[in-house]
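> Would you mind keeping the following structure in view while I ask a few things?
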Amino acid sequence: MLNQLFSLGVSPAKRVFGLDVMRAAAILIVVDAHATVALKEYYNGAFWHHLLPDGVELFFVLSGFLIGGILIRSYEKKSHFDAGLLLNFWTRRWFRTLPNYYLVLLGLIGLSLLRAYRAGVHHSLPQRDTLIRYFFFLQNFTTYVPDFFTETWSLAIEEWSYITLPLILWLMQTLLPASWPRQRIVLAAILTVILGTNLCRLVLSAQVPLPAGELGFRGIVLTRLDAISYGVLAAYAKHYFPTRWTDERLRQRLFVIGLVLTGLTAFTSSVFLIGYYGEWGVQPAYVFYKRTFYFPVIGLSMALLMPYMDGWRAASGLWARFGIAQAITHISLISYSMYLLNLTPIMISFLERIPTSSFETAWMKVFLFWGLVLFLSTLLFKYFERPVTELRERLSAKEPTELIKERKNERVNE
């Protein structure tokens, strides 16, 4: 009965296992970081945590790769970029992300109001004008997200990236010479976003003294519009240079380089080393780096992983045994629901109300947290997210899964 309840009924044959591994790794890293909230003073800062990459940045690159591939294929198939293509693209993206988001957002607002009513006190929600911004993904457009549903800072960045990149591509097609091939127009759009956002960060960073710290650029929409573009750049390489993309030796080399660079970037930016930068006299240089060049470094490092992971089409060997592949695919499928539910709805709204009175209680909360996240996310995906997402097939045109010059069996995890 439980097996039937939690079975998602998705065939692994229609998915790219390597991309599922990336998505599962990204959400597990994020949830693991939030799980430490339950430990409070009993968290000892496990050293291996400092070697983990930023799960959110991994999500950005993976999303950019998948969404960028869809944009490129749609553009190439239609031979031009117009309002119809743009509207269809947004419709399909929003059916994938908005219903789940608004359900959880409204649930949190309702829960806060109900608790305040029952306790006879004023609610703890943000002011009305601030709360309204959450409905338009403006909560962190120019400043860091308020102290409510804080994890949505990254979703706001993604949503605005889905708006700006296609619009810039449309603008490029309109303004650039008609003799320019579509491949060059796509590259111009990607580089415009990357270079423009990096220039914006440089200018803003130079306006504030370095002792002010990192400025929270990581979580502000206007300073992170390039977040998914490094994944889009990987999609560009895949679709316009297919021979190099499928070169197995090149894939392996790029994967090793990307893995090393990602690990080094994570470690050198970890809390473990930050304390030493002041002693070594490099703190100002580190702050400037974290405001500016850190973002393209981590984005490009993770983009180097994409050729190998995209070529990992199916699980084999140990991955295919003991239910490992099924578990990875399951977590990948429910990852968006896990992202929305784990921190504010589960950890902060419920588990934080349990006093962390001992080491044993702290770890009990951690195990309960993981159980609730996996259980409730599976239910949310199966009985709400997936059915609502499937409505888009009736209300929008199906996007191409291959370019004309690509293999007939090309598969996409979107």
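> Using the Kirkwood formula on the Cα atoms of the range 202-332, what hydrodynamic radius do you get, in angstrom to one decimal?
So the Kirkwood estimate lands at 17.3 Å.
> Also, quick follow-up: May I ask you to compute the full-extension gain from Phe288 to Leu204, defined as 0.36 nm times their residue separation minus their alpha-carbon distance, rounded to one decimal in nm?
Residue separation times 0.36 nm, minus the Cα-Cα distance, leaves 29.1 nm.
> Can you give me the P(r) profile for the range 111-207? Cα pairs, bins 5 angstrom wide beginning at 0, each as a whole percent.
2, 11, 15, 14, 14, 13, 9, 7, 6, 4, 3, 2, 1, 0
> Compute a Gaussian network model of the chain, connecting alpha carbons closer than 10 Å, and tell me which residue from Arg394, Arg291, Arg244 fluctuates the most.
Checking each option, the largest mean-square fluctuation is seen for Arg394.
> Next question, about the same structure. Measure out, as a whole number of angstrom, how far apart the alpha-carbon centroids of the range 211-231 and the range 84-123 sit.
The distance from the Cα centre of the range 211-231 to that of the range 84-123 comes to 24 Å.
> Further, regarding this structure: How many nm separate the modelled label positions at Leu264 and Ala314, each set 7 Å beyond the Cα in the direction of the Cβ?
In this crude spin-label approximation the distance works out to 3.8 nm.
> Quick one: if you take sqrt(5λ) for each eigenvalue of the C-alpha gyration tensor of the chain, what semi-axes come out, biggest first, whole angstrom?
Semi-axes, largest first: 33, 27, 24 Å.
> Across the range 210-216, in residue order, what do the Karplus-derived ³J(HN,Hα) couplings come to in whole Hz, using 6.51 cos²θ - 1.76 cosθ + 1.60 with θ = phi - 60° and x for Gly and Pro?
With the stated coefficients, the range 210-216 comes to 4, x, 6, x, 7, 6, x Hz.
> If you don't mind, there's one more thing I want to ask. Relative to the compact-globule scaling 2.2 N^0.38 Å, provide the ratio for the alpha-carbon radius of gyration of the range 43-84.
In units of the 2.2 N^0.38 Å rule of thumb, it is 2.00.
> Here is a further query. Can you give the net charge of the other residues whose Cβ lies under 11 Å from the Cβ of Gly216, counting K and R as +1 and D and E as -1?
Neighbourhood net charge equals +3.
> Just the number, please: carbon plus sulfur as a percent of the accessible area of the chain, 1.4 Å probe, no ligands or DNA/RNA counted.
68 percent
> Residues of the range 243-266 with amide nitrogen under 15 Å from the 7 Å Cα-to-Cβ point of Trp280?
Residues passing the 15 Å test: 264-266.
> Return the FRET efficiency for the residue pair Arg128, Glu214: r is the Cβ-Cβ distance, R0 is 22 Å, and the value is rounded to the nearest 0.05.
Working from the Cβ atoms, E equals 0.15.
> Cα extents of the range 163-234 along the three principal axes, largest first, in whole Å?
Each principal axis gives a Cα extent; for the range 163-234 these are 49, 21, 18 Å.
> Anything in the chain that counts as a DSSP H helix reaching 24 Å or more along its axis (C-alpha) with Kyte-Doolittle mean of at least 0.5? List them, would you?
Sorted by number, the helices that extend far enough and score high enough are 17-35, 55-78, 83-119, 153-175, 182-207, 248-268, 359-380.
The values are calculated or read from the model by the stated rules, or taken from the named source; none is laboratory data. Because the structure is predicted, anything quoted here is derived from the model rather than measured. Counting neighbours? That spans all protein chains shown, and the Cβs are built from the backbone with ideal geometry, glycine included. The accessibility values were calculated without ligands, DNA or RNA, using every heavy atom of the protein model including side chains. Shrake-Rupley method; radii C 1.70, N 1.55, O 1.52, S 1.80 Å.
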